[in-house]
Amino acid sequence: MPPTAQRPARQRPAEPGRDRLVRALLKPTRGQAVVAVLLALVGFAGVTQVRSNEVDDSFAGYREQDLIDVLSGLAGASQRAQSEITRLERTRDDLASDTSAEAAALAQARSEADTLSILAGTVPVTGPGVRITLSEVTGTVGAQALVAMVQDLRTADAEAMQLNGRVRLVAQSSFADATGGIVVDGELLEAPYVLDVIGAPATLSGAVDFFSGPRLQLEESGIEVEVTELTSLDIESVAESTQPEYAAPADGQ
């Protein structure tokens, strides 16, 4: 048999260009994908450079006078901002000063109120001082002798006084002899009389013991006088606050 004749290979028809493009987009080869990524990076870099140039060249078209005007405007805005900062700082300092002055005035007012309360005997107090006990041995303690002792203690800067733990002695306190004792501020007190006094202990003791002072006069009248210095003494009795009926501050006070 004659050898079989080999058929010539048939050539595939040429693929249209549009079909090749569609096939490349749908099924790109590895090389095409790499090229696409590189093109994208180049495009991104180009856009970024263009935008950067646009920003950097924002004043490129300005005339010299325009640039001077811009700089002057910026300088003026900066100066106005600095002036506002200075004004605010001054206001802050003034407010701080006013607050400090107000706090100092308030502290002073409170201190004065505390002092006046102590002097008026309207608050309990504590502090160092002396306890003076007057015991009737052969004589009787009279109102006049008790007033003299209280006055000597006030001269020695006594800050607060209390008698028999019941009556707070103040500037308006009154003393009167009575049967069985002494009436102090309307209350009858009996011997022994215990006078608690707050102040400098040594000074107060000296006000009782000085030559021809209260101790000598009372002991000559048959009264035993005992003075004890204390580092801490509580005065708990208080005087009722009263409104002056006749006295009033002078004009301008």
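The values are calculated or read from the model by the stated rules, or taken from the named source; none is laboratory data. Here the structure is a predicted model, which means the values were calculated and not measured. Ideal geometry is used to build each Cβ from the backbone, glycine not excepted, and the neighbour counts take in all protein chains shown. The accessibility values were calculated without ligands, DNA or RNA, using every heavy atom of the protein model including side chains. Shrake-Rupley method; radii C 1.70, N 1.55, O 1.52, S 1.80 Å.
As a summary of the residue check, Thr138 satisfies the conditions (1) at pLDDT 90 or above; (2) open to solvent by less than 80 Å² (accessible area, probe 1.4 Å); (3) among the hydroxyl-bearing types (Ser, Thr, Tyr) except for the one numbered (2). Of the strands (runs of 3 or more DSSP E) lying entirely inside region 149-253, those containing at least 1 residues that are touching a helix residue (DSSP H, G or I) at 6+ places or on another chain (Cβ under 8 Å) and either aliphatic (A, V, I, L, M) or open to solvent by 50 Å² or more (accessible area, probe 1.4 Å) (or both) span 160-163, 167-169, 175-178, 181-184, 193-198, 223-235.
Can you find, within region 100-134, the residue that is farthest from Pro192 (Cα to Cα) among those that are hydrophobic (A, V, I, L, M, F, W, C) and not in a helix (DSSP H, G or I)? The qualifying residue farthest from Pro192 (Cα to Cα) is Val123. If you go through region 82-130 and pick out every residue that is under 22 Å from Ala156 (Cβ atoms), free of Cβ contacts under 8 Å to residues at least 40 places away in the same chain and open to solvent by less than 80 Å² (accessible area, probe 1.4 Å), you end up with 2. Among the criteria (1) under 25 Å from the mean Cα position of the chain (by Cα); (2) under 23 Å from Ala200 (Cβ atoms), the one Val123 does not fulfil is (1).
Assessment of region 171-183 against the conditions (within 42 Å of the chain's Cα centre (by Cα), among the polar types (S, T, N, Q) and at negative phi) yields at least one matching residue.
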